[in-house]
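Comments concern the structure below.
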Amino acid sequence: MENHHKILCIGNVSVDIKAFSMLDDDTEAYRDGTIELVPGGVGRGMAINLKHLGFDTSIYSVVGNDIFGDYLKAGLEAEKINTELLRVSSQHETALFSVMSKPNSHSSCIYSTKVLSEIVFDEQVKAFIEKENIKTLVLDSNISEETFAEIYAYKKDHPDLFIFQNATAPDIARRSLKYAGLVNLFACNEYEAQAIIGETATPDLETADKMQALGYRDFIITFEDRGVMVRINGETYNAPPYTPYTIVDTIGAGDALASGFLTGYLTGESLKQCVHYGLICAKETLMTRQTVSSLLSRDYLATYKNN
């Protein structure tokens, strides 16, 4: 069933160029393997996940005037995402991430995201929010600090607007810190939490208290194989992960977890049920090479049995 709660996702839409080789030999300049082009970006992932989960979603981002931008726009429109605010840059190319992986090693990534500097919170965006009766903003931290300032100034004048903030990456996780008190729901992983609090983050009350002391009231922190910790209205809840038999790709799982949790949160579910939804979405995304699982829907969440 379509939920009439309208959501605008602001942030990155990009193309991930994912290269993988089973050959684990650092002396070889060339290695046989696979190369895939996968649409990605936190803004895109959240918009499509939330659309699959029953919300009316729109995207605000900027792409280049190139084949990658055309590819991303076509994919978003195929998912029935409102792309009225998807702008085309005359100065920069579409955001690209090149991810290189091999066995028993962390992936390395080179990225080019200069186009995201063109995401500005101008009068056209404000008019769209009012015209479309947007109730929730979903932000990723790839947007500039100046744009953050404009969005949170708007939030002060519109206190009923719900803002979900994704930390996105450790090097930019602190961008929302000065606005922590205005964030309705914040999400990060343990490495992003560490960057925020300035020390190792652990799934316990000490870390939760430190996050809350910095101004974050309601938040989600994921800890890979140690599960997830959530604090909502002063209540802290920990849950182990729903680990699939085979992990195909981890990219997008955090966005999926946040989307599932947010679905429960915005529809008034219990804290435990919100976490359950988030873990279902993360598990299904871990089992696909795509950044969004095509299996996700409100009906799927309702009927899913955790084995």
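The values are calculated or read from the model by the stated rules, or taken from the named source; none is laboratory data. No experiment lies behind these values; they were computed from the predicted model shown. Methodologically, a virtual Cβ is constructed for each residue, glycine included, from the backbone with ideal geometry; neighbour enumeration extends over all protein chains shown. When the accessible area is computed, the model is the full protein with side chains, heavy atoms only, and any ligands, DNA or RNA have been set aside. Shrake-Rupley method; radii C 1.70, N 1.55, O 1.52, S 1.80 Å.
One line per residue, one yes/no per condition, for (1) open to solvent by 60 Å² or more (accessible area, probe 1.4 Å); (2) modelled with pLDDT of 95 or more; (3) touching a helix residue (DSSP H, G or I) at 6+ places or on another chain (Cβ under 9 Å):
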| site | (1), (2), (3) |
| --- | --- |
| Ser141 | no, no, yes |
| Asn166 | no, no, yes |
| Lys178 | yes, no, yes |
| Ile197 | no, yes, yes |
Restricted to region 160-197 and to residues being of a type in the set (Ser, Thr, Tyr) and part of a helix (DSSP H, G or I), the residue farthest from the chain's Cα centre (by Cα) is Tyr179
Selection from region 261-270 of residues buried (at least 19 other Cβ atoms within 10 Å of the Cβ) and not polar (S, T, N, Q) yields Phe261, Leu262, Gly264, Tyr265, Leu266
Selection from region 164-215 of residues touching a residue at least 40 places away in the same chain (Cβ under 8 Å) and either among the hydroxyl-bearing types (Ser, Thr, Tyr) or touching a Gly at 6+ places or on another chain (Cβ under 7 Å) (or both) yields Thr168, Asn189
Note: among Ala258, Ala253, Ala239, just one is modelled with pLDDT under 90, more than 27 Å from Leu161 (Cβ to Cβ) and surrounded by 24 or more Cβ atoms within 10 Å (Cβ to Cβ), namely Ala253
Output yes when any residue across region 134-154 is touching a His at 6+ places or on another chain (Cβ under 7 Å) and outside any loop (DSSP other than H, G, I, E, B), and no when none is.
yes
Residues of region 205-230 being open to solvent by less than 60 Å² (accessible area, probe 1.4 Å) and over 20 Å from Tyr179 (Cβ atoms), in sequence order, are Thr207, Thr222, Phe223, Gly227, Val228, Met229, Val230
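Restrict the check to region 92-109 and report whether at least one residue is surrounded by 21 or more Cβ atoms within 10 Å (Cβ to Cβ) and either free of Cβ contacts under 8 Å to residues at least 40 places away in the same chain or part of a helix (DSSP H, G or I) (or both).
No - not one qualifying residue is present in region 92-109.
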Could you tell me whether Val62 is under 30 Å from Ser297 (Cβ atoms), in contact with a His (Cβ under 8 Å, 6 or more places away or on another chain), surrounded by 15 or more Cβ atoms within 10 Å (Cβ to Cβ) and not small (Gly, Ala, Ser)? yes
